[in-house]
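**Student:** The structure under discussion is supplied below as structure tokens; questions concerning it will follow.
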There are 4 protein chains.
Amino acid sequence: MDRSRLEAFSDGVFAVAITLLALNLSVAGPGHGRLLHQLGSHWPAFVAYLISFFTIGIIWVNHHALVHNIAIVDRTLLFLNLLLLAFVVAIPFATATMASYLTAGGQDAHVAMALYGAVFDAMSLGFMAIFEWTLHEGRTHQPVPQEARWAARVRFYAGQLVYLVAIGIAFISPSVALIMIGLVAVYYIFERTPSAAPSASGQAEER
Amino acid sequence: MDRSRLEAFSDGVFAVAITLLALNLSVAGPGHGRLLHQLGSHWPAFVAYLISFFTIGIIWVNHHALVHNIAIVDRTLLFLNLLLLAFVVAIPFATATMASYLTAGGQDAHVAMALYGAVFDAMSLGFMAIFEWTLHEGRTHQPVPQEARWAARVRFYAGQLVYLVAIGIAFISPSVALIMIGLVAVYYIFERTPSAAPSASGQAEER
Amino acid sequence: MDRSRLEAFSDGVFAVAITLLALNLSVAGPGHGRLLHQLGSHWPAFVAYLISFFTIGIIWVNHHALVHNIAIVDRTLLFLNLLLLAFVVAIPFATATMASYLTAGGQDAHVAMALYGAVFDAMSLGFMAIFEWTLHEGRTHQPVPQEARWAARVRFYAGQLVYLVAIGIAFISPSVALIMIGLVAVYYIFERTPSAAPSASGQAEER
Amino acid sequence: MDRSRLEAFSDGVFAVAITLLALNLSVAGPGHGRLLHQLGSHWPAFVAYLISFFTIGIIWVNHHALVHNIAIVDRTLLFLNLLLLAFVVAIPFATATMASYLTAGGQDAHVAMALYGAVFDAMSLGFMAIFEWTLHEGRTHQPVPQEARWAARVRFYAGQLVYLVAIGIAFISPSVALIMIGLVAVYYIFERTPSAAPSASGQAEER
């Protein structure tokens, strides 16, 4: 197994999962009330779509940066990568469930939002497992320096902490939890990914 | 992040989005009237399918020409690219909604057609944002010459103007608005994309 | 536009379209009669799935052989390629419609089977249009020799003829028409694609 | 046909099929009982999702290792590869059917589980057919040594045997059959794929 086909397959799964999110965008159609009203009452679906879309997009960006530095591909890495992808692929389901229950309101909106946060948290853990795998000597082209490791872990545990708190907050206010999960996406968009640290300028150039 | 993986991921999203359009092609099935009649009454779905299919196809072609010249990939570009893709992925939803309301007729056909035009307009703006990003010194292999910039902007704002007018026209006649949006696609098919301007012959050859 | 990204995008569309065929494989589920009986009464869906799957697979193989020899990519080729893909993407819809009406029986089974044949015929015409495009001087790495052109056209018009006859036969016996369309797929699997003719042995080797 | 486009197309089909599995993850939504209860009663869907996800993932890994060594691509290989993919693409259907009948219980849970095992068995046979194809002289870069052939066959027939026994067990206890099919996936994750045998260390390194 060479790295490039791992990337190609993962890219395919990311691309399909991010596009399937849009299957959740739908209205009941003619005969179910005014269209503007339907669109308005579905606002959780649109907000959820954007948050999930950008979160998958960011994980894809970070996945690339992480994998790009990898020198060998073993069975453990393949397993960890499949585990990460299994949670990525579950995001459209978690998004659809969360959006429909947030629209309906009631007690289960809390449970659905906690489920949404939990899937994101699990995906994030899967990503961190791959990162920890890369730290072993000889698995990367350039060893990840100690200070970069800790910087990455700090950033990672910050995101983890927000997801975990959001799961708890979901049982008090689903909307606040949704905003928190959205802010994690915004934070990661403008924050460099850990593994790109060693040669930042070189990474950015085309090769 | 190197450019080729940005292309691979974007290609995947374009390919899935363009194929998901076909999920909107469906008839109610046996027991809901004659098949020919069902197919005939669904003509907006077939016209909408073709227009959306070719519009996504053209944006893919132009996206390639634009990205091909890019030398560095930074966080801003990744964000703008995700924004563009988020609207591309929303096109199957906008297409399905427009087609079902145009079939049903009534007041909401106007709203649905305006929504359809608005998603195309937003996608077009996302594309133009990437184009403007490329104009900064050092971001492309070959600097985009001043006259090509203005030619591109003229072409772009022409398309934008038609989309905006079509959104307005949608509230008077959805069918006329649909024809206008279709004509934009036809126009762009036979019009060269801006960023390919510098070395037209070289671009066209295989490398 | 270089050829490799045309291939990548087309590969993506072929792969998604061929996989979406399986969405048509479904049973009504628990509470709708014995599972074996449901599976048995859905036999047209399974036969249609196999025929459509292999037909798309073969068109993909032939598309590759055709595009592999192309030296320049112009707007006309991009348009013809999008036209071909628009019919490829419509195949899951035509397959689902045909299978459900063939299962239900009645007059509309004839119309649905004719529609199925017509989409295959249109896809085939789109493919031939690309082939004719390649015959112009300078568009391919190696010019297609005259005798290969005619051999290709004979093979192509043979397939066309069968599709057209099948559309007619569909109004007499949908099952016979389905068998004919299936036989075209079998024929093309074991028949070399035209454009690969010039250097058959070289084509087959890895590069 | 060169090998790399065979890989690209197959990767695309694997990626779409593995992602479509998640369409089976769904709950009835608001108004159909408590969400936690719905999620709990859908446990077969979640277990089936994981087993199918990892099985497709492993077949993808093994497919890569097998194809990587191939030197020529002929019509027979293309046909065998399409046959393998036709069963891969049928897995989401088999998974959804099995999960819904296992949830509902009753006599048809046995039939649905046997169907699930049969699709896995057929996919496995399709894979073995490609492996046998590679054993002919001159079809691979490095000939597969005799001892590796037998080791591969032993491993393969072990998996086949478990699938066949699981199909039989399905008529006694669907849950036990499901566990057996899951264990095959676990076994193959941590077992090297046959064709990678010749130069194990070299295979693992990036090229």
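**Student:** Between copies, how far does the label point of B:GLN142 sit from its twins, in nm, shortest first, when each point is 7 Å from Cα along Cα→Cβ?
**Tutor:** Sorted ascending, the copy-to-copy spacings read 3.1, 3.1, 4.4 nm.
**Student:** Taking a ≥ b ≥ c as the square roots of the Cα gyration tensor eigenvalues, with a/c under 1.5 meaning rounded and otherwise prolate when a/b beats b/c, else oblate, which class fits the stretch D:51-90?
**Tutor:** oblate
**Student:** For the stretch A:1-139, calculate the relative contact order in percent as a whole number, restricting contacts to Cα pairs under 8 Å that are 6 or more residues apart.
**Tutor:** 32 percent
**Student:** Taking the label point as lying 7 angstrom from Cα along the Cα-to-Cβ axis, what are the distances from B:ALA104 to the corresponding position in the remaining copies, in ascending order and in nanometres?
**Tutor:** Label-point distances to the other copies, shortest first: 2.2, 2.2, 3.1 nm.
**Student:** Which of the trypsin sites (Lys or Arg not before Pro) found in the stretch A:1-78 are in a DSSP loop and have at most 16 neighbouring Cβ atoms, other than their own, within 10 Å?
**Tutor:** A:ARG34
**Student:** Label the protein assembly as shown by shape, choosing from rounded, prolate and oblate, from the square roots a ≥ b ≥ c of the eigenvalues of the Cα gyration tensor; if a/c is under 1.5 it is rounded, and otherwise prolate applies when a/b is larger than b/c, oblate when it is not.
**Tutor:** Rounded.
**Student:** A further question follows. Please identify every one of the chymotrypsin sites (Phe, Trp or Tyr not before Pro) in the stretch D:147-193 that sits in a loop by DSSP and has no more than 11 other beta carbons within 10 Å of its own beta carbon.
**Tutor:** Hits after loop and neighbour filter: D:PHE190.
**Student:** Name the residues whose placed amide hydrogens come within less than 5 Å of the amide hydrogen of B:THR140, ignoring near sequence neighbours (fewer than 5 apart) on the same chain.
**Tutor:** B:ALA71
**Student:** Once the Cα atoms of helix B:3-20 and of chain B are each reduced to a long axis, what angle between those two axes, in degrees from 0 to 90 to the nearest 10, is obtained?
**Tutor:** It works out to around 10 degrees.
**Student:** Follow-up. What's the average, rounded to a whole number, of partner chain beta-carbon atoms within 10 Å of each residue's beta-carbon in D:73-85?
**Tutor:** For this peptide, the per-residue mean of nearby foreign Cβ atoms is 4.
**Student:** Compute the acute angle (0 to 90°) between the alpha-carbon long axis of helix B:108-134 and the principal axis of greatest extent of the alpha-carbon atoms of chain B; round to the nearest 10°.
**Tutor:** Helix B:108-134 and the main axis of chain B meet at about 10 degrees.
**Student:** Okay, next question. What angle do you read, to the nearest 10 degrees and between 0 and 90, between the alpha-carbon axis of helix A:43-68 and the longest principal axis of chain A?
**Tutor:** Long axis of A:43-68 versus the principal axis of chain A: about 10 degrees.
**Student:** Relative to the compact globular guide of 2.2 N^0.38 Å, what is the alpha carbon radius of gyration of chain D, as a ratio?
**Tutor:** Rg over 2.2 N^0.38 Å, computed on Cα atoms: 1.11.
A short reminder: the numbers here are calculations on the coordinates, not readings from a lab. Note that the coordinates shown come from a computational prediction; the quantities given were computed from them, not determined experimentally. Heads up, the Cβs are rebuilt from the backbone with ideal geometry, glycines too, and the neighbour counts pull from every protein chain shown.
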